[in-house]
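**Q** Before we start, here is the structure in question, set down as structure tokens.
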Amino acid sequence: DLLPLKDFLADDFPIGCAVEPAEVVGRPAELLALHFGQVTTGNQMKPDAIQPTEGVFDFTRADQIVDFAEANGMRIWGHTLLWHNQTPAWWFLDADGAPLQNTRAHQRLILDRLKAHVEAIAEHYGDRVWAWDVVNEVLDPEQTDGLRHSRWYEIFGGGKYIGEAFKIARRAFPRCVKLFVNDYNTEFPDKREAMYNLVQDLKRGRVPVDGIGHQAHVDYRRDPQLLGESIDAFKRLRVLQAVTELDVSVSDHMEESLPATPPERLVAQGWYYNELFAVLRERADDLESVTMWGLYDAVSWLRNWPVSRPHEAPLFFDDRLQAKAAYWGVVDPT
Ligand code: XIL
């Protein structure tokens, strides 16, 4: 049998995996419990999954994952309380079905909705969920203020909703629950700077933010050292850090569909994981966990995003749940 990843990495950090209900039954569930010590709910704790209609909460699919995790002694990472995607339309509409405007009344309305949402989640899970991505992808380094101009941003005429979201979460959850700001491309200098400035501002404003999540949706040609440089830079902020959504795409830039996965890219990917985990393990003291965005290639979101790519294979295990060079890149003891 394979050496469990969580055993190999036991002295470094918990290794996590994002899953759907389909992965907590049958053979995928066995593989998951063997290798991973933490789970993230890939889609089932997003706003549209939990509150599809205002006031109607549905925890059934999230609970399937949470129950499995608890039965197997795994820690649970919650994803996500506030996002501009996968949020139901009603959230941004007034009582007449018109889009919310940049007014005090509508700001109050949308924060009341967020509060009701977060409080219902806190009542249901309490401290059973170890950490939450409170806000997801609120940054945009192309903007002068570094913030994404989402519907949330437009309604507030700025980023004030971010601090409010953390305050709402801190009041709702027990003190031990960790509150994260999560984003992608945090390894690149421009996004690194936007994240640094946001968290510094939040801390100066006494906003209760506990940590920074690096999604780390990378590709097999992106310099693995960049992520290490960001982790090092954020140490000065004195917040927790975690890698939250790691996968290593085997596609080249703007590449569409290939007939099959080029075998040499799977080898290159194995070396990539080897280098990246060396970077991460050197910084084990600064990382709360490292989470993979999926268990095996067949269920990876990259098969369908941003275009259909049947050749995508970004994870440790292949379509038949067999360990790839990616896995051996991590457990290789050299
Ligand atoms: C993705 C899921 O994996 C897909 O199944 C879904 O269709 C779209 O969202 N950044 C995030 C995640 O924070 O929530 C996204 O997950 C991937 C990118």
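**Q** For segment 102-124, indicate whether the set of residues that are within 16 Å of the ligand (Cβ to nearest atom), surrounded by fewer than 21 Cβ atoms within 10 Å (Cβ to Cβ) and either on the phi > 0 side of the Ramachandran plot or without any contact (Cβ under 8 Å) to a residue 24 or more places away in the chain (or both) is non-empty.
**A** No, the conditions are met nowhere in segment 102-124.
**Q** Here's something else I'd like to know. Within segment 247-269, how many residues are of a type outside the set (G, A, S), touching a strand residue (DSSP E or B) at 6+ places or on another chain (Cβ under 9 Å), surrounded by 15 or more Cβ atoms within 10 Å (Cβ to Cβ) and outside any strand (DSSP E or B)?
**A** Final tally of qualifying residues: 2.
**Q** Can you tell me which residues in segment 270-305 are surrounded by fewer than 15 Cβ atoms within 10 Å (Cβ to Cβ), among the aliphatic types (A, V, I, L, M) and more than 30 Å from D232 (Cβ to Cβ)?
**A** none
**Q** Which of the residues that make up segment 259-291 are small (G, A, S) and closer than 17 Å to H214 by Cα?
**A** A278, A284, S289
**Q** Also, I was wondering about something else. Being within 16 Å of the ligand (Cβ to nearest atom) and exposed (fewer than 14 other Cβ atoms within 10 Å of the Cβ), is that true of even one residue in segment 315-323?
**A** No, segment 315-323 has no match at all.
**Q** Report yes if some residue within segment 306-313 is surrounded by fewer than 22 Cβ atoms within 10 Å (Cβ to Cβ), under 14 Å from D219 (Cα atoms) and free of Cβ contacts under 8 Å to residues at least 24 places away in the same chain; otherwise report no.
**A** Looking through segment 306-313, at least one residue is surrounded by fewer than 22 Cβ atoms within 10 Å (Cβ to Cβ), under 14 Å from D219 (Cα atoms) and free of Cβ contacts under 8 Å to residues at least 24 places away in the same chain.
**Q** Let me ask you something else. Restricting attention to segment 276-296, which residues are more than 13 Å from the ligand (Cβ to nearest atom), under 21 Å from P28 (Cβ atoms) and outside any loop (DSSP other than H, G, I, E, B)?
**A** Answer for segment 276-296, where residues must be more than 13 Å from the ligand (Cβ to nearest atom), under 21 Å from P28 (Cβ atoms) and outside any loop (DSSP other than H, G, I, E, B): V290, Y296.
**Q** So, one more: Any residue that is without any contact (Cβ under 8 Å) to a residue 24 or more places away in the chain, more than 16 Å from the ligand (Cβ to nearest atom) and surrounded by 15 or more Cβ atoms within 10 Å (Cβ to Cβ) - is there at least one of those in segment 227-242?
**A** The answer is no; no qualifying residue exists.
**Q** Same structure, new question: Of all residues being among the acidic types (D, E) and in contact with a strand residue (DSSP E or B) (Cβ under 7 Å, 6 or more places away or on another chain) in segment 190-239, which is nearest to E264 (Cα to Cα)? Just the residue, please. Step through it out loud before you land on a result.
**A** Just the residues of segment 190-239 that are among the acidic types (D, E), to begin with: 190, 193, 201, 210, 219, 223, 229, 232.
Next cut, in contact with a strand residue (DSSP E or B) (Cβ under 7 Å, 6 or more places away or on another chain) only: 210, 219.
Working: D210: 41, D219: 14 Å.
Here the residue is D219.
**Q** Out of (1) touching a Cys at 6+ places or on another chain (Cβ under 9 Å); (2) surrounded by 23 or more Cβ atoms within 10 Å (Cβ to Cβ), what's the single condition that is false for W130?
**A** (2)
**Q** How many residues, within segment 82-100, are at negative phi, out of contact with any Leu (no Cβ under 8 Å at 6 or more places or on another chain) and away from the ligand (no atom under 16 Å from the Cβ)?
**A** The total comes to 6.
**Q** Among the candidates E164, E255, single out the residue that is under 24 Å from P47 (Cα atoms) and more than 16 Å from the ligand (Cβ to nearest atom).
**A** None of the others qualify; the one that does is E164.
**Q** Which one is nearest to P189 (Cα to Cα), of the residues in segment 133-147 that are buried (at least 19 other Cβ atoms within 10 Å of the Cβ) and within 16 Å of the ligand (Cβ to nearest atom)?
**A** L139
Values quoted throughout were computed directly from the atomic coordinates according to the rules given, and no laboratory measurement underlies them. Keep in mind the model is a prediction, meaning the values are calculated, not measured. A quick note on method: Cβ atoms are made from the backbone with ideal geometry, for glycine too, and the neighbour counts reach across all protein chains shown.
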